[in-house]
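Just so it is clear, none of the values below were taken in a lab; they were calculated from the coordinates. What you see is a predicted model, and the numbers here were worked out from it, not measured in a lab. Please note: Cβ atoms are built from the backbone with ideal geometry, for glycine as well, and neighbour counts cover all protein chains shown.
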Amino acid sequence: MRRLILALCLTSLPVAAIAQATAAKGTDTQHSATPGTVAPAVPPAAAPLSAGAAAIKSHVMFLAADAMRGREAGSPEYDIAAEYVAAQFFAAGLKPGGDKGGYAQNVPLVSYKPDGQGTLAITGAAGQSALTFGTDYIPSSNPRTAETSVSAPVVFVGYGIVAPQYGRDDYRGVDVKGKIVAFVSGSPSKMTGEERAWLGAATTKARFAAERGAVGTIALVTPRSDKQRPFARLVEANDHSRMTWANADGTGHVEEGGIPALATLSLSGAQKLFAGARTSWAKIARAAEKADATFTPEALPVTVSATTKTKFEQVRSSNVVGVLPGSDPALSREVVVLSAHLDHVGVSGKAEDKIHNGALDNAIGIASLIEEAKRFQKEGPAKRTILFLAVTAEEKGLVGSDYFANHPTVPAESIIANVNLDMPILTYKFEDMVAFGGDRSTLGPIIRGAVEGAGVALSPDPIPDEGIFVRSDHFRFVQKGVPSVFLWPGQKGPGKAAVEHFLSTNYHKPTDDLSQPIEWEEGVRFVDVNYRIARNIGDAATRPVWNKGDYFGTLFKGPMAP
C-alpha cells in the first residue's frame, strides 16, 4: 500500500517542486532571534539553480534518498524507483515500450551461490588426494544446474586467451576436447585496455575453452594476482550471491554457453595440481610475475574430480522502457537506444551508515536520461525512433541490459546505436569529455561535433587499463553488433583529482550520496552533449557502422564500414 501511495504522489508532484519544497523546509529550521539579542549571521544564499539543474537535482534527491535503501535489483525500493521513472517517462510524452502495453519490461532474475564446500580431488601417479576447502580451493557455483560433477584430465593453457591480432593462441599444440582447462588469472599487458579487459575475463576464457570442446575450467591464483586480491578475500566472498537472468526453463543464463567453472585454486592448490608436470608450478608462478608473461600449454599428468552444488533463489525485477516514435516514415523503423542503469548495490557493510545511496552511480545517469526525454519532448522527435531504457541489475553484471539485448521490445534488427549514461562524475566544472568506444565506429565524428559544439574538448581515454568500455551496459549492445558509446566528463584541469577522489573514496560506498559537492549545472551540460549526440544519430542520413576492421565490430559481426 505504501508503494502505491508513493507512486501516485509522484505522478502528481512536479519534480522541480520536490527540490523547492526541500529547500523551503531547510529555511524553516532556522532559529528566530530572541527579542533583544543579536541574530546569528546568516551565510549568503547560494546562487539559484537553473530550471534544468533543479530538475536534475530533484530526481537525484528522490532516487538517492536513504528511504530508497540503495535501489538493489529485486528489492521493493528498486520497484518504487522504477515506478518513478515510468511516471517521468509518461510526463515527458514517451509511449510505453515494455510488456503488455506498460513501461515495465519484466526481467526474471536468478540469484545463486555455492551450496556448501563441494569436493575437489586430484588423481595422479601417486594416487588420489583431496584438496582442502578454503586453503587449496573454493568451489564455483553453476547457474545452469543445482549439482555439477565433472571428472576429466587437465590441460594447462596459460592465460587461456586466443587473440590472433596479438599473435597469441594459448591452445596451440594441445587438445582440450573432453578435458578440463586450467588457466592463470589476468591477461598480457601488451594489449589495448579495452581488448585486454575483454580477453582477460573468466567468461571470455570459458568461451574459448567451450569452443574447443573442454568440459570445465579451473582458475589459478598466481603470486601476482594474489597481491592484487588475496585468496583469503576470495574465500570470504565465496558465499556471496551472484545474479543472472533466467531462461524459459528457469535455469540461469550463462554467457559462456554452459561450460561450468569448477573452482579457483590457491597457490597451494596449484602446486598440488602441477605435481609431476613437465613444467613445475614454481616456474609457472615466476613467469606469471611478468606483466606480459608467455606460457607453454601442456597436458598435466592428473585427473581432477570436482563436485559442487548451487543454491538458487528466484528474483523479479524490471527494466523501464519509453519510446519516442520517429517522424520519418522510413527512418522511424530504425531505433536509437539511450540507456542508464537504475539499480545500485543496496545495503551492506559494517559501518554505521550501510546504505549505498548511489547518487552519482547512477541516479544522476537516470536523471540525465529523463531530462533528455524532456528535451526531445520540447524540441520534437528525431527522424528515427528513440528508445529510453532504464535497466536493472547492472551492478550484478550488466544483467538487465543483457536481458533487453536478448529480449528487445522492438525488433532486434531495428536497433542501430546505443548511447549509455553511466556514473558521470560531476563534482567539478569539466573542461573536456571522454567517449569510451567512440573511436571504434562512425559515431566518432558525431560525438566530436557534439562535444566541441558544447564548448569542450574531446580527449582520449585517460585510464585505458581500466577497460571501461567493456564494463557498462552499452557493451551488451556491442555484443549484438550495435555501435555504442558512453561519455564521461574528462580529466583536464580539476578533473583528474576529482575523478581519483571519487573512485578511491566514494565509489560503491555509502558516501556516494548528496553530501558530495555535486555541480548540478554541470549536469545540464552533460545532458546537452548527450542530447546532441542522440539527436544527430536520430537525424543522420545513414546509420552508424563500425570502422573497418574494428576488433569488437568484427568479433560480434556488426555492420562494418567498407
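Of note:
- If you sort the three axes of the alpha carbon gyration tensor as a ≥ b ≥ c, you get a/c of 1.5 or more for region 206-265 and a/b no higher than b/c, which makes it oblate.
- Under a 5 Å amide H cut-off, with hydrogens placed 1.01 Å from N, V215 pairs with G178, K179, I180, V181 among residues at least 5 apart or on other chains.
- Alpha carbon centroid spacing (whole Å) that separates region 225-290 from region 420-480: 32 Å
- Max-minus-min Cα coordinates of region 488-562 on each principal axis give 49, 28, 25 Å, with the largest extent listed first.
- Evaluated at q = 0.10, 0.15, 0.16, 0.18 Å⁻¹, the base-10 log of the normalised Debye intensity for region 112-312, with identical point scatterers placed on the Cα atoms, takes the values -0.38, -0.91, -1.05, -1.35.
- The distance from the alpha carbon centre of region 363-393 to that of region 41-108 is 13 Å, rounded to a whole number.
- As a length-normalised measure over Cα pairs under 8 Å and 6 or more apart, the relative contact order of region 112-312 settles at 41 percent.
- Note on region 277-349: Rg/Rh from Cα positions, Kirkwood definition for Rh, rounded to two decimals, is 1.28.
- Hydrodynamic radius by Kirkwood, which averages 1/r over all alpha carbon pairs of region 421-562, in angstrom: 15.9 Å
- On a per residue basis, the convex hull of the C-alpha atoms belonging to region 373-442 measures out at 165 Å³.
- Listed residues G481, G538, I518: farthest to the positive end of the dipole of region 441-562 (Cβ charges): G481
- Between the amide H of H344 and those of E72, A73, distances stay under 5 Å, these residues lying 5 or more places away or on another chain, with hydrogens modeled in the peptide plane.
- Once the Kirkwood radius over Cα pairs is known for region 289-416, the Stokes-Einstein relation at 20 °C and 1.002 mPa s delivers a diffusion coefficient of 115 µm²/s.
- Enclosed volume per residue, in Å³, of the convex hull spanned by Cα atoms of region 203-359: 240 Å³
- Taking one quarter of the surface of the convex hull spanned by the alpha-carbon atoms of the chain gives a direction-averaged projected area of 29.1 nm².
- The chain - mean residue ellipticity at 222 nm from DSSP helices (-39,500 (n - 2.57) per run, n ≥ 4, rounded to 500): -9000 deg cm²/dmol
- Within a straight-line Cα-Cα reach of under 16 Å, K205 can be paired with the following lysines, leaving aside sequence neighbours fewer than 8 residues apart in one chain: K177, K179.
- Scattering curve values for region 51-151, log₁₀ I(q)/I(0), Debye with Cα scatterers, q = 0.13 Å⁻¹: -0.71
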